[in-house]
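Taken together, the values in this text are just the output of simple stated rules run on the coordinates, not laboratory data. The structure displayed is predicted, hence computed values, not measured ones. So basically every Cβ, Gly included, is an ideal-geometry build from the backbone, and we count neighbours across all protein chains shown.
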Amino acid sequence: MPNFAELARAPVYLNAMGRGSLHQDHELFYNRSRRGALGKADAIVVIGTPMDFRLSYGKRFNPEAKTIQVDTDPIELGRNHDIDIPIEADARAFLESITAELSGFKADHDGWLADLREQEDKTRAQMEEWMASDREPIHPLRLCAEMANFVDENTIVVGDGGDIVSHASKILPVNQPGQWYDPGPFGTLGVGTGFCMAIHSVYPNKRILMVNGDGAFGLNGFDFDTFVRFNIPVVSVVGNDRQWGQITVGQRAMYGKERVVASMLGDNCRYDKIVEGMGGHGEFVTKPDEIRPAIERAFASGKPACVNVIMDQEPPGIMGGYEFM
């Protein structure tokens, strides 16, 4: 990926399990300006990513752009959006081949890249206000900023949730392929505990940080009993906003606050106590300055752990639901 991007001088946007294919410090890594870039690009290469809702089915692509799609599954080629050049191929094989063909060639898109970087920096500055926020209940971006301090090269991140996982994907430093797992396009919440068990069986010496929504934790949280019995020291940080956030936002907009009762969850439910009751370690957090010490204690315990963090239900500065930039 880096070699092809550097020859093409093209901005790279990663999602799902593609995260980590390019280091976040690389000059061509972007993750907060995708919508604008796709709307103005004159050529778009989509590699191993279905043209589904995460890409707005291609509706936000510049209609004048030449579009190249690479996928191992021929059924995905041209699905939902016309493609100028469909290529049935393995992503790695394609990148190696095209990089070899481009050897000696280097494009000049510095003006384009500078414009996108300016957009990125502007959005990042807006986010940083909330990443440093001391407001209570805790702002989700502050929680993500604190979690980011615990993600190193020996840490695998499992996202199991909606809003909190979407926010975490923009902030946590995922810099290696295979370092990030999430519910995927079907939003199959509850997969996190199974992912953690599989990851631990393959990489027993890796730390595992599971980023949970409170709704997702409610689906398979009792799998912590398995973690305890098999000594799998997963640390789950639950972004607890006491609601099915992505459902609540839409219901509130369409029907008003008085009609969202079905998507609300128990107020300040003690998921940490549930994990403690099964033999794990629990932490309950309500203040921003408590987040880091609680996560430190959770990892230091050597036990399966739950850090239950009470978050703002309607945090300022961000929209509810997924924001696909």
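Worth a mention:
- Residue-by-residue Karplus 3J(HN,Hα) for region 35-50, coefficients 6.51, -1.76, 1.60, Hz, glycine and proline x: 4, x, 5, 5, x, 10, 5, 9, 8, 10, 10, 9, 10, x, 10, x
- Residue among Met131, Met264, Met147 with the largest mean-square fluctuation in a Gaussian network model of the chain, springs linking Cα atoms under 10 Å: Met264
- Order of Val237, Val151 under a 10 Å beta carbon neighbour criterion, fewest first: Val151, Val237
- Angle in degrees between helix 291-300 and the longest Cα principal axis of the chain, rounded to the nearest 10: 80
- Percent of Cα-Cα distances greater than 21 Å, calculated over region 2-119: 36
- Beta bridge orientation in region 173-311: antiparallel %, DSSP, nearest 5: 5
- Per residue, the average separation of C-alpha pairs within less than 8 Å and at least 6 apart gives region 132-310 a relative contact order of 24 percent.
- Whether region 242-325 is rounded, prolate or oblate, judged on the alpha carbon gyration tensor where a/c under 1.5 counts as rounded: prolate
- Charge dipole of region 132-310 about the Cα centre (unit charges at C-beta), most positive-ward option of Met264, Phe150, Phe224: Met264
- If only the Cβ of Lys and Arg carry +1 and only the Cβ of Asp and Glu carry -1, the dipole of region 132-310 around its Cα centre is close to 140 debye.
- 3J(HN,Hα) couplings calculated from phi for region 159-173 with the Karplus curve 6.51 cos²θ - 1.76 cosθ + 1.60 (θ = phi - 60°) are, in sequence order, x, 9, x, x, 4, 5, 6, 4, 5, 4, 5, 8, 10, 5, x Hz; Gly and Pro show x.
- Assigned charges on the beta-carbon of Lys, Arg, Asp, Glu; the chain dipole about Cα centre (debye): 520
- Looking at the chain, the DSSP beta bridges with both ends there are about 5 percent antiparallel.
- Averaging the sequence gap over all C-alpha pairs within less than 8 Å and six or more residues apart, then dividing by the number of residues, gives the chain a relative contact order of 18 percent.
- Residues with amide H under 5 Å from that of Gln69, placed H, sequence gap 5 or more: Val46, Ile85, Ile87
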